[in-house]
Structure formats: C-alpha cells, structure tokens
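Novice: Sharing a structure here in structure tokens format.
The values are calculated or read from the model by the stated rules, or taken from the named source; none is laboratory data. Every value quoted in this text rests on a predicted model; they were computed, and no experiment measured them. Cβ placement follows ideal geometry from the backbone for every residue including glycine, while neighbour counts extend to all protein chains displayed.
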Amino acid sequence: NKGRYEHYMQKEIHEQPESLTTTMRGRLIQGGSCKATTVLLGGLKDHMKTIRRSRRIVFVGCGTSYNAALAARPILEELSGVPVTMEIASDLLDRQGPIYREDTAVFVSQSGETADTLLALEYALENGALCVGITNTVGSAIARKTHCGVHINAGAEIGVASTKAYTSQIVVMAMLALAVGGDTISNQARREAIVDGLYDLPSKVREVLKLDNEMKDLAKQLIAEQSLLVFGRGYNYATALEGALKVKEVSLMHSEGMLAGEMKHGPLALVDENLPIIVIATHDACFSKQQSVIQQLHARRGRLIVVCSKGDAASVCSGGSCRVIEVPQVEDCLQPVVNIVPLQLLAYHLTVLRGHNVDQPRNLAKSVTTQ
Ligand code: UD1
Ligand code: BG6
C-alpha cells in the first residue's frame, strides 16, 4: 500500500525515520548503575567471542548491500581492531578467493535470496568460516543458511531501488561494530557519542527529508544531462557509490561514484564547465582534503554541487560558484545515513521528471536469483 505517496520508492525514502527506529528497537539497552548503553543483537550474542577472535571480517554483498557494508567498514575496523575486507559476491566466486576457518564472513542482502551472495555463502561455509547474515527477510535462504545473523527489520521494501534497507543495514552494522568492539575505557567517549547519534538519527533523517523540494529543483536543472559524477571519501566513499547507483538504476542517467582520493589519477580529465559533479564534503576528518578537491575542481571550472554540513556553505564554496546542499551533522560514522537521503530524493525526482518507471526500472529486478 503506497498510502499518500505516488510511488513505493518515494514512500520508502520518506519512511526512513520510522524504519530506522524499528531497526534499533530493543537493541540499544540502557541500564545498570553506570547508565551505559549496551547493544544487544540477539542473533549474535552466542557468537560474539568467535567474531572478536576472528583473524579477519569479510563483508560480502552485491549492489546497494555491498555499498552499505562499505559505509560501515571504517567504524567496524576502528572499534574492533579486526581487519575488515570487502568482497563483491560475484568477484569472490570468480576468483575463488581465499576464505579461512579463522574468518568471519558477513553476508549482507536485503532480500536474502540474491544468487551470487547465496553461492558465496555456500563457498564460505565449505571453507569453514563463521558465516553471519544481515538480511531484511525472515526465512530467506541467506537467513536460513548462515550460522547466525541480524534481521534489519526495515519492513518490506517494494521499490527495486533499495533505499530504506540501505540506511537500516548501515545502522545494524554500526551496532555490530559497537557489539564487537566491547567496552574499554579508551573508547568509552566514542561509544557514547555513537549511541547518542543512533538515538538522534531518526530525527536527523526527518530533518534532511525537508530537502525534498530543493532536490526536485536540482533534478529539474539536471534533467537533460548525459552524465553525473559523485565524489566522496572516508565514511562517504560509500555515499558516492550508492548515490550514483541510485541515479543510474532509476533515472537511467549515466552516473559514477568515485573515490575523491583517486581524482587526480584519471577522473580529473573529465572535468569541464558542463559535466555536473556532486562532491560530498560533510564535516569529518577528511573535510580539509575535500575542500582541496573542491578548489581543484573550481580551478578547472567544474560545475559543482556540494553536500556539506549545516553552516559550512561559505567555507566549502569559497573562490568559485557552486550549488550547496546543507545537511544536518551527526557522528561521523553515521553521516552516510543522512547524506544518502538527498541523493535518493534526487534520483527519485530525476526519474519522475524524465518520465521513467521509478519502482520497476528497465531491465532490473528486485531480487536477482540467477547468476
Ligand atoms: C528475535 C525475534 C524477534 C523478537 C526478539 C525478542 C525473530 C525472527 N526475531 O529478534 O521477533 O522480538 O527476538 O527477543 O523471531 N539469523 C541468521 N541469519 C540472518 C539473520 C538472522 O541466522 O541472516 C538468526 C539469528 O542468529 C537469530 C534469529 O535468526 O537466531 C533471529 O534473528 P533476529 O531477528 O535478528 O534476532 P532478534 O533481534 O533477537
Ligand atoms: C538487485 C537490486 O540488483 O540486487 C538491487 O536491484 C540490490 O537494488 C541488489 O541492491 C542486491 O540485492 P540484495 O537483496 O542481495 O540486497
């Protein structure tokens, strides 16, 4: 039921404050004399020791689910101290890449039925790794075949382009990072900031959804473009990949997400006054590097759209003209959840304005169950 919305994708974008709340429900437990919040992921509690002791954590997924894992990788590495590597399911299978008994392999899939992810799971099981699922679908093949896991509880997602599942997947993996990381004196302040950030996230997403009209206006300006680049780095490398994926899969406009640190190694050759480029430059440890990227793009007369933290408009756009999209700032590792929302809205409006099918894009399926 689409309710008051015209399309499922639109409904699912706008219901993210609620889906995120459901994802976290019952999993952040406040209590005890020290008032600290503990994370309870019921499906993992008997396996936590094994995950903490593993030599490596390997994320495996396809499409948006892969991007969600990429967004969560930095915080999992930081809090757990365990090396985290990334595998696109088909590529792991093509290479028959090494998976060991000492590995924890985490399979991320909204549907829980994607053929490549499922085959990669079978491969990891044969190789003796602890296999953890992160899925939205209770009873799905991946939920059944993994040793343990977490349901993201985002509610049914109908639009082929994944939106609310993406943000809920990131939140589950941030909670996974808190759970695996455990409590130490040295990371106490950081953990508390992340927990506070999780509690605040639904209201921050509600706030960023108010950009709807602004993103529709931007979509009108971009309606006839051939191509759109998205640059991000650090926590928001994933935002660049996922924003570009949204745009290409539904609006049928060519779009590429790129690591800003790689800009000089090729992509810079594409920059001119015509090609629109979105730069994600919200406030985190990479901010000054992104400011320098923006300056270099200005120097080549790039046509820039900058996503920055509220209040940073003047400092991101000094010395050139650009369109600025200001978003609320949250704890750095949760910022990808906020930052993707304007890009989801842009992809949605571009698609409607260009007259394409939003919920069932050409040639795509919600769940790809064949190789
Ligand atoms: C579970 C209940 C939830 C209840 C809560 C109360 C289910 C599906 N969930 O939630 O209704 O409110 O207890 O304590 O009944 N699993 C996998 N692979 C996956 C995903 C999950 O093996 O990909 C396993 C988990 O290890 C766990 C079970 O499925 O054994 C349920 O997972 P999840 O729903 O995340 O657990 P809880 O949040 O504890
Ligand atoms: C398909 C969908 O390609 O599968 C994408 O169209 C999705 O939206 C991808 O990200 C992976 O799906 P899942 O269900 O494994 O997360």
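Novice: Under the condition of being touching a helix residue (DSSP H, G or I) at 6+ places or on another chain (Cβ under 7 Å) and not aromatic (Phe, Trp, Tyr), which residue from the range 115-124 is farthest from residue 170 (Cα to Cα)?
Specialist: Taking the range 115-124 as the starting set, the residues that turn out to be touching a helix residue (DSSP H, G or I) at 6+ places or on another chain (Cβ under 7 Å) are 116-121, 123.
If we keep only those that are not aromatic (Phe, Trp, Tyr) as well, we get 116-121.
Values: 116: 21, 117: 18, 118: 20, 119: 23, 120: 21, 121: 20 Å.
Filtering first and then ranking leaves 119.
Novice: Go through 164, 210 for me and flag whichever is among the charged types (D, E, K, R) and in contact with an Asp or Glu (Cβ under 6 Å, 6 or more places away or on another chain).
Specialist: Working: 210 fails: in contact with an Asp or Glu (Cβ under 6 Å, 6 or more places away or on another chain).
Going through 164, 210 in turn, the sole match is 164.
Novice: To continue, here is another question. Quick check on this structure: which one of 111, 65 is part of a loop (DSSP other than H, G, I, E, B), within 16 Å of ligand 2 (Cβ to nearest atom) and among the polar types (S, T, N, Q)? Walk me through it before giving the result.
Specialist: Numbers: 65 fails: part of a loop (DSSP other than H, G, I, E, B).
After ruling out the rest, the residue left standing is 111.
Novice: Now, a different point. Any residue at all in the range 91-103 that's part of a helix (DSSP H, G or I) and under 21 Å from the mean Cα position of the chain (by Cα)? Let's see the steps before the verdict.
Specialist: Start the filter on the range 91-103 by keeping residues that are part of a helix (DSSP H, G or I), which leaves 91-95.
Those still in the list that are under 21 Å from the mean Cα position of the chain (by Cα) too: 91-92.
Yes: the range 91-103 contains one or more residues that are part of a helix (DSSP H, G or I) and under 21 Å from the mean Cα position of the chain (by Cα).
Novice: Sticking with this one: Taking the stated definitions as given, is residue 141 within 10 Å of ligand 1 (Cβ to nearest atom), over 24 Å from residue 84 (Cα atoms) and of a type in the set (A, V, I, L, M)?
Specialist: Values: within 10 Å of ligand 1 (Cβ to nearest atom): yes; over 24 Å from residue 84 (Cα atoms): yes; of a type in the set (A, V, I, L, M): yes.
Yes; evaluated as a whole, the condition is true for this residue.
Novice: Could you please find all residues in the range 147-156 being crowded, with 24+ Cβ neighbours inside 10 Å and within 13 Å of ligand 2 (Cβ to nearest atom)?
Specialist: Answer for the range 147-156, where residues must be crowded, with 24+ Cβ neighbours inside 10 Å and within 13 Å of ligand 2 (Cβ to nearest atom): 152, 154.
Novice: Another question about this same structure. Within the group 197, 181, which residue is of a type outside the set (Val, Ile, Thr), buried (at least 16 other Cβ atoms within 10 Å of the Cβ), modelled with pLDDT under 95 and away from ligand 2 (no atom under 16 Å from the Cβ)? Lay out the reasoning, then the answer.
Specialist: Numbers: 197 fails: modelled with pLDDT under 95.
Checking each option against the conditions leaves just 181.
Novice: Answer with yes or no whether residue 133 is under 27 Å from residue 344 (Cα atoms), near ligand 1 (Cβ under 7 Å from one of its atoms) and touching a strand residue (DSSP E or B) at 6+ places or on another chain (Cβ under 9 Å). Lay out the reasoning, then the answer.
Specialist: Values: under 27 Å from residue 344 (Cα atoms): yes; near ligand 1 (Cβ under 7 Å from one of its atoms): yes; touching a strand residue (DSSP E or B) at 6+ places or on another chain (Cβ under 9 Å): yes.
Against the criterion (under 27 Å from residue 344 (Cα atoms), near ligand 1 (Cβ under 7 Å from one of its atoms) and touching a strand residue (DSSP E or B) at 6+ places or on another chain (Cβ under 9 Å)), residue 133 qualifies.
Novice: Without any contact (Cβ under 8 Å) to a residue 12 or more places away in the chain and either over 30 Å from residue 305 (Cα atoms) or of a type in the set (Gly, Ala, Ser) (or both): which single residue out of 224, 154 fits that description?
Specialist: Numbers: 154 fails: without any contact (Cβ under 8 Å) to a residue 12 or more places away in the chain.
Criteria check complete, one pass: 224.
Novice: Another question, if that's okay. Across the range 95-112, what is the total count of residues that are within 27 Å of residue 81 (Cβ to Cβ) and either at pLDDT below 95 or not β-branched (Val, Ile, Thr) (or both)? Step through it out loud before you land on a result.
Specialist: Step one: filter the range 95-112 for residues within 27 Å of residue 81 (Cβ to Cβ), giving 95, 97-109.
Then keep just the ones that are either at pLDDT below 95 or not β-branched (Val, Ile, Thr) (or both); that gives 95, 97-98, 100-103, 105, 107, 109.
Within the range 95-112, residues that are within 27 Å of residue 81 (Cβ to Cβ) and either at pLDDT below 95 or not β-branched (Val, Ile, Thr) (or both) number 10.
Every residue, every condition in (1) under 22 Å from residue 237 (Cβ atoms); (2) more than 16 Å from ligand 2 (Cβ to nearest atom); (3) part of a loop (DSSP other than H, G, I, E, B), yes or no:
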| site | (1), (2), (3) |
| --- | --- |
| 329 | yes, yes, yes |
| 345 | yes, yes, no |
| 362 | no, no, yes |
| 369 | no, no, yes |
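For (1) over 21 Å from residue 204 (Cα atoms); (2) among the hydroxyl-bearing types (Ser, Thr, Tyr); (3) free of Cβ contacts under 8 Å to residues at least 40 places away in the same chain; (4) touching a strand residue (DSSP E or B) at 6+ places or on another chain (Cβ under 9 Å), each residue gets a yes or a no:
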| site | (1), (2), (3), (4) |
| --- | --- |
| 263 | yes, no, yes, yes |
| 278 | yes, no, no, yes |
| 332 | no, no, no, no |
| 335 | no, no, no, yes |
| 348 | no, yes, no, no |
| 354 | yes, no, no, no |
| 362 | yes, no, no, no |
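Novice: In addition: Within the range 215-261, which residues are more than 19 Å from the chain's Cα centre (by Cα) and among the basic types (Lys, Arg)?
Specialist: 216, 220
Novice: Here's a check for you: in the range 331-371, which residue that is polar (S, T, N, Q) and either within 16 Å of ligand 1 (Cβ to nearest atom) or more than 20 Å from the chain's Cα centre (by Cα) (or both) is nearest to residue 109 (Cα to Cα)?
Specialist: At the first step, the residues of the range 331-371 found to be polar (S, T, N, Q) are 335, 339, 344, 351, 357, 360, 363, 367, 369-371.
Narrowing further to those that are either within 16 Å of ligand 1 (Cβ to nearest atom) or more than 20 Å from the chain's Cα centre (by Cα) (or both): 351, 357, 360, 363, 367, 369-371.
Details: 351: 25, 357: 24, 360: 19, 363: 20, 367: 10, 369: 12, 370: 15, 371: 15 Å.
Here the answer is 367.
Novice: Can you name the residue in the range 170-202 that is small (Gly, Ala, Ser) and more than 18 Å from the chain's Cα centre (by Cα) and, of all such residues, is farthest from residue 338 (Cα to Cα)?
Specialist: Kept after step one, since they are small (Gly, Ala, Ser), are these residues of the range 170-202: 174, 177, 179, 181-182, 186, 189, 193, 197.
Applying the additional criterion that residues be more than 18 Å from the chain's Cα centre (by Cα) yields 179, 181-182, 186, 189, 193.
Numbers: 179: 22, 181: 23, 182: 26, 186: 27, 189: 22, 193: 16 Å.
Among those that are small (Gly, Ala, Ser) and more than 18 Å from the chain's Cα centre (by Cα), it is 186.
Novice: List every residue pair whose Cβ atoms lie under 8 Å apart, where the two residues are 6 or more positions apart in sequence or sit on different chains, the first residue falls within the range 111-130 and is touching a residue at least 24 places away in the same chain (Cβ under 8 Å), and the second residue, located anywhere, is aromatic (Phe, Trp, Tyr) and buried (at least 24 other Cβ atoms within 10 Å of the Cβ).
Specialist: 117/107; 120/107; 121/107; 124/107
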